[in-house]
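To keep things clear, I will list the structure first and then write my remarks on it.
Just so it is clear, none of the values below were taken in a lab; they were calculated from the coordinates. Since the structure is predicted, the reported quantities are computational estimates derived from the model, not experimental observations. Backbone-built Cβ (ideal geometry, glycine too); neighbour counts: all protein chains shown.
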Ligand SMILES: Cc1cc2nc3c(=O)[nH]c(=O)nc-3n(C[C@H](O)[C@H](O)[C@H](O)COP(=O)(O)OP(=O)(O)OC[C@H]3O[C@@H](n4cnc5c(N)ncnc54)[C@H](O)[C@@H]3O)c2cc1C
């Protein structure tokens, strides 16, 4: 899944979470207490204090529609009404991969991959031509949107609390999930491992086996 960028823009500061989770107990707030209450005692309402904001840049609209099924989260999505056309006119001569997600074909036979690639190239080139011509005739974007395939790249900002995120990770890192959203979910989990501000979240997830 080339060129899909996953950015953790914000995670609730650890001390805020520790103070909230520590409220019922007659002991000072601490990361250990937070990890125990959420990870071991499974008081999952406490995980709702851990709010994260993510940016997912360049995923396909196919991935977007699966991602948006997770209702306990807040998305803001790039608008095709406002942005459609600019990318096409700018990037057409550069690379169609900037505009469309091309899946990894290594699980297909050589013949299957060749047929798929030929159709993908035909459709993406056809779409670029169609959008460019419609734009030239000043057809509004609200009509042109009907011409777009699910492989078109998009971007969105996504705010979610840890309780809902655990549900997302469990469903979308599973082998039955579609490979693009599985890739996005795995990358998000990886970012939590590597981001120093999210280290306490990584510890809780490890405690829970997620
Ligand atoms: C492998 C896979 C295949 C799928 N295939 C399809 C498909 O073919 N067609 C399809 O339509 N969808 C499909 N989905 C999407 C799936 O049905 C869910 O919509 C999606 O995974 C979001 O899960 P969720 O409802 O648990 O998450 P969220 O919407 O984030 O909800 C989180 C949790 O909040 C609670 N909750 C949320 N809303 C309600 C409510 N109204 N009432 C009660 N409790 C609520 C539930 O406990 C829920 O688990 C698929 C998902 C996966 C992982």
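Would you calculate the separation in nanometres between label points at residue 107 and residue 178, each defined as 7 Å from the Cα along the Cα-to-beta-carbon direction?
For the pair residue 107/residue 178, the computed spacing is 1.3 nm.
Could you check the spin-label model distance between residue 157 and residue 190? Points 7 Å from the Cα along Cα→Cβ, value in nm.
Here the answer is 2.5 nm between the modelled labels.
Based only on the alpha carbon positions, what is the Kirkwood hydrodynamic radius of segment 81-147, in angstrom?
This gives a value of 13.2 Å.
Quick check: Cα centre of segment 154-168 to Cα centre of segment 11-78, how many Å?
If you average the Cα positions of each part, the centres end up 9 Å apart.
Relative to the longest principal Cα axis of the chain, at what angle does helix 179-194 sit, 0 to 90 degrees, rounded to 10?
40
Return, for the Cα atoms of segment 58-197, the radius of gyration and Dmax in Å, separated by a comma.
Just the Cα atoms of segment 58-197 yield Rg and Dmax of 17.1, 51 Å.
Against the longest alpha carbon principal axis of the chain, how many degrees, from 0 to 90 and to the nearest 10, is the axis of helix 110-136 turned?
Approximately 80 degrees, to the nearest ten.
Report the full-extension gain for the segment residue 26 to residue 43: residue separation times 0.36 nm, less the Cα-Cα distance, to one decimal in nm.
Length difference between fully extended and current span is 4.4 nm.
Write down the radius of gyration of segment 17-89 and its Dmax, each obtained from C-alpha positions, in Å.
19.1, 62
At 0.36 nm per residue, and after removing the present C-alpha to C-alpha distance, how many nm does the segment from residue 95 to residue 139 gain when stretched out fully?
Value of the extension gain: 13.4 nm.
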